[in-house]
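Visitor: Let me begin by handing over the structure; questions about it come next.
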Amino acid sequence: MFLYPVFLVWTIIIGGQYSVGTDYPTYLEYFSSENTIQRFEPIFQFLKDFFYSIGLRGQAMFFVFAFINVWAIFKAFKKFDLGQYALLYFLLVTISSFFNNQMNLVRQATAGAFVFWAFAEAFDGNVKKSVVLDVIAMGFHYSAVVVLPFLLFRKLTFFLTKWPKTLLVITLISLFFSMTLAQYINTFLFDMLPNFIKQYTYYSVLRSSSYATNVYGFSNVLPKVILIPLYWLSIGLLDGDELNEKEKFLLRFGILSYALRCIMNITMIISRFALYFWLPSIIPLYFLILHYYNRKENIYAYAIVAYCLLPYIAKVFMGKGEYAYHFFLFS
């Protein structure tokens, strides 16, 4: 009950964010019109039409999807049995990139929230429920289908994190490639895609635009690179007895999620899939901070908190795109 007012404020902050990126104007126009063309996935389309029919228009629609995100993410946190909510939401804002992108990527962010909940159910043994949640996620964005292997095959996470330090080295290499070879990989993959996929996903238009040769600059890659030492430290928790087996599994999955979100950014064609691993990527740092805090080594715990906070502050001060926060009433 104590958390409900917090969730309400959280929903207002997210839903009230105005002009938050390249996709926001398209959604705002869509939410402001009576357009019922089946342009988007069915659940998203149904909710938009329903709330539009009862009088919610324009910016008001963002509050609806913000609330859905807040609710699904909290359900996931509870199911994961991660009880330090203040720390979790701190990492969600500073590390995951999810907070600032929710209203810019409305459909996929909502799908990402349900996928996060699906992960929590799957790792607690509720595979059927997790698949249902992923189907709901696909009702907001079809790309959510990419996570099904992780829901159905728990051992896949163990296999992919058998050598977690090697995985982080591969991650570092992929971040270097994202600054150097991305445009060549993008062009190659565009040409390899079947025509029906290009047409359905508008890749045929993107192929001839500058977006097709998008390369992540140093300022985009640096915040991810500087986190690698923290993930490296978290691997040491797998050898101790402080975490139970479920928590160690979650830590492994978190490391894998961080690696996947970085590796998938090599090319824009698959970079959208990375969003589904933004939220679980905070789990290793959650356990790492609690490790030092519970051992009364507060100087290390606070140092990691500051280490996570500083890159985010830099992004906010630069204030570009989705990081330039404007509340709709004052814009």
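Visitor: Rounded to the nearest 0.05, what FRET efficiency is calculated for F176 and F327 with R0 set to 25 Å and r the Cβ-Cβ distance? Walk me through the numbers before you get to the answer.
Guide: Numbers: r = 38 Å, r/R0 = 1.52.
Plugging the Cβ-Cβ distance into 1/(1 + (r/R0)^6) gives 0.05.
Visitor: A further question on this structure: Separation between the L56 and V225 pseudo-spin-labels, each 7 Å from Cα along Cα→Cβ, expressed in nm?
Guide: If labels sit at L56 and V225, their model points lie 4.3 nm apart.
Visitor: Using only the alpha carbons of the range 90-167, determine the length spanned along each of the three principal axes and report them from longest to shortest in whole angstroms.
Guide: Cα spread of the range 90-167 along its principal axes, largest to smallest: 36, 30, 20 Å.
Visitor: What FRET efficiency do you get for K165 and L3 if R0 is 35 Å and r is their Cβ-Cβ distance, rounded to the nearest 0.05? Can you show the working numbers first?
Guide: Working: r = 37 Å, r/R0 = 1.06.
It comes out at approximately 0.40.
Visitor: By how many nm would the segment from D239 to F46 grow when fully extended, if each residue of separation counts as 0.36 nm and the alpha-carbon distance is taken off? The partial results should precede the final answer.
Guide: Working: separation 193, 0.36 × 193 = 69.48 nm, distance 4.81 nm.
Extra length available between D239 and F46 comes to 64.7 nm.
Visitor: While we're on this one: I want to check the label-to-label distance for K246 and W232. Put each point 7 Å from Cα in the C-beta direction and report it in nm to one decimal.
Guide: Simple spin-label model gives 3.2 nm for this pair.
Visitor: Using the Cα centre as the reference, give the magnitude of the dipole from point charges on the C-beta atoms of the range 71-186 (Lys, Arg: +1; Asp, Glu: -1; all else neutral), rounded to the nearest 20 debye. Present the calculation step by step, with values, prior to reporting the outcome.
Guide: Numbers: 10 positive and 4 negative charges, 45 e Å.
Dipole about the Cα centre, nearest 20: 220 debye.
Visitor: For the range 3-330, what size does the Cα cloud have along each of its three principal axes, sorted from largest down, in whole Å?
Guide: Cα spread of the range 3-330 along its principal axes, largest to smallest: 57, 49, 44 Å.
Visitor: For the range 110-163, which trypsin sites (Lys or Arg not before Pro) pass both filters: DSSP loop (anything but H, G, I, E, B) and at most 13 other C-beta atoms within 10 Å? Show your work: numbers first, answer last.
Guide: On the way: sites: K128, K129, R154, K155, K162; in loops: R154, K162.
The qualifying sites are K162.
Visitor: Let me ask another. If you keep only loop residues by DSSP, which chymotrypsin sites (Phe, Trp or Tyr not before Pro) in the range 1-97 have at most 13 other Cβ atoms within 10 Å of their Cβ? Write down the numbers at each step before the final one.
Guide: Details: sites: F2, F7, W10, Y18, Y27, Y30, F31, F40, F44, F46, F50, F51, Y52, F62, F63, F65, F67, W71, F74, F77, F80, Y85, Y89, F90; in loops: F2, Y18, F40.
Loop-located and lightly packed - F2.
Visitor: Note down, for the range 1-143, the three equivalent ellipsoid semi-axes (square root of 5 times each alpha carbon gyration tensor eigenvalue), biggest first, whole angstrom. Show your work: numbers first, answer last.
Guide: Numbers: eigenvalues 127, 69, 34 Å².
Gyration-tensor ellipsoid for the range 1-143: 25, 19, 13 Å.
Visitor: By how many nm would the segment from V145 to Y300 lengthen if fully extended, with 0.36 nm per residue of separation less the alpha-carbon distance? Walk me through the numbers on the way to the answer.
Guide: Values: separation 155, 0.36 × 155 = 55.80 nm, distance 3.90 nm.
Result for the pair: 51.9 nm of gain on full extension.
Visitor: What length, rounded to one decimal in nm, is gained on full extension from D23 through to Y85, with 0.36 nm per residue of separation minus their alpha-carbon distance? Before the final figure, lay out each step's value.
Guide: Details: separation 62, 0.36 × 62 = 22.32 nm, distance 2.98 nm.
Result: 19.3 nm gained on full extension.
Every read-out reported here was derived from the displayed coordinates using simple, explicitly stated rules and does not represent laboratory data. Not measured: the values here are computed from a predicted model. Don't worry about glycine lacking a Cβ; one is built from the backbone with ideal geometry, like all the others, and counts go over all protein chains shown.
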